[in-house]
Structure formats: C-alpha cells, structure tokens
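The block underneath contains the structure these notes are about, expressed in structure tokens.
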Amino acid sequence: MTLKRILSRIGALIINAFVMLLSLSCIFPIVWLIYSSLKTEKEFALNIAALPAHPTFENYINAIKTAKMHIYFFNSLFTTVVSVILIVLFSFVVGYFFARYRFAGRNFLYTMFLAGMLIPIHALLVPMFVEFKVLGLLDKRITLILPYVGLGLPMAIFLMENFIKDIPHEIEEAAYIDGATLTTTLFRIILPICKPIISTVVILSSLSSWNEFSFALVLIKSDALKTLPVGLTNFSSQYTVKYTQLMAAITIAILPVIVVYLIFNKRVIQGLVAGAVKG
C-alpha cells in the first residue's frame, strides 16, 4: 500500500470521525431530554446524566393534567395547520402568476413581497400589537394566524416562483389545447408537479409557526388560547424550576416536529436541491 493511499485513508477516517461527533452532538440533547423526562425530580438532582433507574411517565401525566399541555398542544396544532394551509395556497397562486405573467407593477409587487424577508420580525411586535388592539383582534382564536401567514408568505412565494418558472410552458399549452381552464391547469396539472417545493414550504412554515414565541406571548393573554412555547414557561417560577416535568412537556412539544420531518425529509431535500439548481 502506497504512502499516498495510507494518508488518504487516514484523512477519510478523520473526516468520518468528525462528522460522527458532530451528529452525536446534535442527537444527544434530544436523547438526554427524553430519558431525563422519565426520571423523578430527586433522581434528576442526584445525577443529571445518568439513565433513569426506574422509568416513570408521571411527569407526562402531571404535564398534561396540571399544566394543561393538551390545551396548548391543540392551540399550537390549530394555529400551525391553518397557517400552513393558507401559506401554501396563497404562495402557490401568487408564485404562479409572478412566474407566468408579466403585468404592470409586477416587479414592484414582487420586490415588496421579497422585502418581507429583510425586516427583523421583532421590530414588528409593537406596531402589530397597537394595530391589533385598535382593530379588536387581540386574544382571539385567529389572532396568531394573521402574523404567521404574513411572515411566512415572502419566503414561500420566493420558493414557489423560482420552482414554477422552470416548469416547461408546453405542459400548460397542451392542457389548454385539450380544453382545460386556468383553474384546472393550476390545481390539477401544475400543483402535483410542485410537490417537492410544497413539501419544503410545509416544513419551513410548520417549524416557524410551531416554535414561534414572541407574537404568541404579546398578542395572546388567555390561558385557553396560549400555544406550547408560551405554555412551557408555566414550569418555571421565580425561585424554582420543575425540570423533569419541563422536559416531559418539551418532549411532547417536539415530537410532532420530528414526525413531520421524518415524513417529509426526502421531499424537503428534493425541493431545496431543485431550488438551488434552478435558482
């Protein structure tokens, strides 16, 4: 075996070891969180790194019964699902018209949408709070849906427009010759082709809406309408923190995100790769 080949193998071994360590550093916090949520407070205080000697689901029961996690879970689920549906629908239609039509003011409107990606989200907290207060929209079931859709649309429209403009025009022309209307072409021909980029938009929008904290804290006051990120603050007070119950609640909060990612991860990669190549 030549020296060059030996050095090449050593280099590959070092790179693989580095990647494995990096992967473990990403996965271990989730594993630690899950098995720590199965400990008692006393067991956790004695050794935070050890595995649970007698695993118990008492923390999950207390988190659901005492801290009303099921209510926060439903509120987060409702807000996220409705927001994602509206973001996908609006971004698909708007992205299609931006990609296929040239009309007066098209570039101005497109620039306005893209400018939404440049504005710091937290800079909008106070103006949006004042606006919602004047309009009587504070502390309602639909309160969080409005900012989530508004903030999610710029990126979604950008991704949709870039993907749709590279779909061959001949497909739509063939549909028009066969008598298809614009609505039929849009939702029965173009929409199925856009599955990869729609999956990407679904993942990005779901993560953004599910984990959002600032607007949920400022715009919602009722316990019955609070979402999971705000509900997690109930486990800490001025002097104490219920760590094991908090970990059980965080596990409940992150499980849907992990499930959604596992279902759509291949399509997300396809969508991002397609966007990178075509963009």
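Quick notes
- T200 part of a helix (DSSP H, G or I) and of a type in the set (V, I, T): yes
- The condition of being touching a residue at least 12 places away in the same chain (Cβ under 8 Å), farther than 20 Å from S83 by Cα and crowded, with 19+ Cβ neighbours inside 10 Å holds for only one of L228, L232, L204, L219, that being L232.
- Yes/no for T185 being of a type outside the set (F, W, Y), open to solvent by less than 30 Å² (accessible area, probe 1.4 Å), farther than 29 Å from F78 by Cβ and in contact with a helix residue (DSSP H, G or I) (Cβ under 7 Å, 6 or more places away or on another chain): yes
- So E41, is it surrounded by 10 or more Cβ atoms within 10 Å (Cβ to Cβ), closer than 30 Å to N211 by Cα and without any contact (Cβ under 8 Å) to a residue 24 or more places away in the chain: no
- Residues in the stretch 47-67 that are open to solvent by 80 Å² or more (accessible area, probe 1.4 Å), out of contact with any Asp or Glu (no Cβ under 9 Å at 6 or more places or on another chain) and not hydrophobic (A, V, I, L, M, F, W, C): P55, E58, K65, T66.
- Given (1) closer than 23 Å to T227 by Cα; (2) open to solvent by less than 70 Å² (accessible area, probe 1.4 Å); (3) of a type outside the set (D, E); (4) assigned by the TED database to the domain that holds I203, number of the condition F92 does not satisfy: (1)
- Annotation note: Cβ proximity below 9 Å between a residue of the stretch 20-36 that is free of Cβ contacts under 8 Å to residues at least 40 places away in the same chain and a residue that is in a helix (DSSP H, G or I) (sequence gap 6+ or interchain) occurs for W32/M247.
The values are calculated or read from the model by the stated rules, or taken from the named source; none is laboratory data. Since we're looking at a predicted model, the values are computed, not measured. In this analysis, Cβ positions are derived from the backbone assuming ideal geometry, glycine residues included, and neighbour counts consider all displayed protein chains. These accessible areas exclude ligands, DNA and RNA; they are computed on the full protein's heavy atoms, side chains included. Shrake-Rupley method; radii C 1.70, N 1.55, O 1.52, S 1.80 Å.
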